[in-house]
1. Please sort A:120-128, A:217-225 by packing, taking for each peptide the average over its residues of neighbouring beta carbons within 10 angstrom, highest first.
2. Can you tell me the FRET efficiency between A:Met338 and A:Asn367 if r is taken as the Cβ-Cβ distance and R0 is 60 Å, rounded to the nearest 0.05?
3. What ³J(HN,Hα) values, in whole Hz, does the Karplus curve 6.51 cos²θ - 1.76 cosθ + 1.60 give for the range A:509-522 when θ = phi - 60°, with x put for Gly and Pro?
4. Work out, in µm²/s and without decimals, the Stokes-Einstein translational diffusion coefficient of the range A:294-355 at 37 °C, 0.692 mPa s, Rh from Kirkwood over C-alpha pairs.
5. Rounded to the nearest 5, what is the percent of antiparallel bridges among the DSSP beta bridges in chain A?
6. Using a Förster radius of 45 Å, what is the FRET efficiency between A:Arg20 and A:Arg447 based on their Cβ-Cβ separation? Nearest 0.05, please.
7. Taking chain A as the reference, fit the longest principal axis to its C-alpha atoms, fit the long axis of helix A:249-258 to the helix C-alpha atoms, and give the angle between the two in degrees, 0 to 90, nearest 10.
8. Starting from the 7 Å offset along Cα-to-Cβ, what nm value, one decimal, do you get for the label separation of A:His235 and A:Asp510?
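Read the figures in this text as sums done on the coordinates, not as results from a lab. Just so you know, these numbers come straight off a predicted model, no measurement behind them. With ideal geometry, Cβ positions are generated from the backbone for all residues, glycine too; neighbour counts draw on all protein chains shown.
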Amino acid sequence: MTAGAANADATKAGAAEAGRDFIRDIVQADVDTGRVRGVVTRFPPEPNGFLHLGHAKSICLNFGVAKEFGGRCHLRFDDTNPVKEEQLFIDSIQRDVRWLGFDWGEHLYHASDYFEQLYDYAEHLIRAGNAYVDDTPPEAMRAQRGTLTEPGQNSPFRTRPVEESLDLFRRMRAGEFPNGARVLRAKIDMASGNMNLRDPVLYRILHARHPRTGDAWAIYPTYDFAHGQSDAIEHITHSICTLEFEDHRPLYDWLIENLPVPSTPHQYEFARLNVTYTVLSKRHLTKLVADGLVSGWDDPRMPTLAGIRRRGVPAAALREFVARVGVARAYSVVDVAMFEAAIRDTLNPTAPRRMAVLRPLKLIIENYPEGQTETLEARNHPDNPDAGTRPLTFGRELYVEQDDFMEHPPKKFFRLSPGKEVRLRWGYLVTCREVVKDAAGTVVALRCTYDPESRGGNAPDGRKVQATLHWLAAADAKPAEIRLYSHLFNRPDPGADGDVLADLNPDSLDVLADALVEPALLDAPVGEAVQFERTGYFAPDPDSQPGRPVFNRTVGLRDTWAKVSAKG
RNA sequence: UGGGGGAUAGUUUAGCGGUAAAACUCCCGGCUCUGACCCGGGCAUCCUUGGUUCGAAUCCAGGUCCCCCAGCCA
């Protein structure tokens, strides 16, 4: 029985319907056959970095499936490695999951909540002869493990008596040995073709302070030992993870079978998300932050949820993107254009329209009375009258976009050029009469005339113009800083040649310090995107100061002219 | 014959024996007070070879290519 409405707020018809991929097919079958009573999933991040686009896919999948099947999804921190994990990340992860639109209710857990239970399970394994304490040093252990094509060798400690292992394991816990001195290993099969079954390490000695358990422990369970058992303790029915854990599944199942756990969860794997011009590995993202190559985890160019949010992308757009991408088992790299399309499609129906001039060019209307201004009315949304209107000041001195003027225009250039008439949106038709240049020959202003009969934007004689330009009256244009972003990397597959940082795009940030915006934009709420007509979607940045707003370009509008002009 | 997994338009997916569908991208055109939105149209040797079948992307057999695994990371 599916609810099938998890992404009901997806904005575009034709979007992938929630509920049809191989994971959901499995869950459906398990529900139909009664293998499970209720559906319980979990999102299990390790708190060693910020959540990113890839996690969004996992979050939407895990929380989405749970919701659709009337079950629940736990948020569980996989905090088994205190040397890498921090409270900062624990906090940011919760904020980001909530922002994405999901709620774990009372079900917030940590693998560290189960340390005592996991320890008992470990002793159980030892007593059953299924695990042993190994004193082999790391390098020697690596040599004994064999290679992909050659079997490994049994450790000399593999036959250690149960009582001795038990005693040693207890003393490991008591902190009697230094880091790396011994480990607890499962006794499975050193000749297995699956490396994960060659007596995997279950516990290692780590004299490290844990964000939650402090100094209570000197030993910590590995991912393999903690994850499945945590799933079992929480009665997770479907433990969904990415493809690289596929060959851990036999170990996952082995542990579940050999331990007196309260339930038998199953693991399913799907292909992780990859996006062109983007890097989604914690290692690389951490490096970008640590080396100061971006302003922080929430730099709007970062693929982190914090960065995406700051850039102005609504959570609904992210959910829509994930839904469009789908879930499968084949390795894939999604075109970042698909993400941008989802953002536009989400924002277009609702984002209020405003005008902003990114690179101002003065325009003087010669036949407009000096010192006079008037108020015009502009619609806030072209397709939605309910969005209302706002007043716009018109006057003799205006600003238009530098890109909207060419002294020697190519054939298909519809905008302003000497002698050409265009419309100023919601204003008047104006004709360029004269180009004013400075000593260096740079165009500094345009002298134009306007048609007083065209108030509102149309001439009584019905004549047409090819272009409508956005503009601002000098009298009330407000200064603003506008930050334009492009891909952080300059090739679709950063790092393909080995060095990710070498592929950083040096021009990913373009700060326009002298932009102008409508007065109505001065009190725009941070993070809420508006459309600057003809240029894109923008959102106020937290760096904004009173009287000095800062806007981030969330995503540009589709720009057909740019393609035409590029072709020459 | 180390183990595990995957191949459907440029990209991501659907298709589950009945004659390839959608979204994104790209190209052509229409509409337009945003060159936006919107609306038409175009873009597939279903990895390959053979087999089963009236009929195969779907089933079978062989081959090819790609991805993951040798942390006391997750």
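1. By packing density, highest mean first, the sequence is A:217-225, A:120-128.
2. Efficiency computed from Cβ-Cβ geometry: 0.75.
3. Computed from phi, the couplings for the range A:509-522 are 10, 10, 8, 9, 7, 10, 7, 10, 9, 5, x, 4, 8, 4 Hz.
4. 256 µm²/s
5. Antiparallel: roughly 70 percent of the beta bridges in chain A.
6. So the FRET efficiency works out to roughly 0.15.
7. 40 degrees
8. With each label placed 7 Å out from Cα toward Cβ, I get 5.7 nm.
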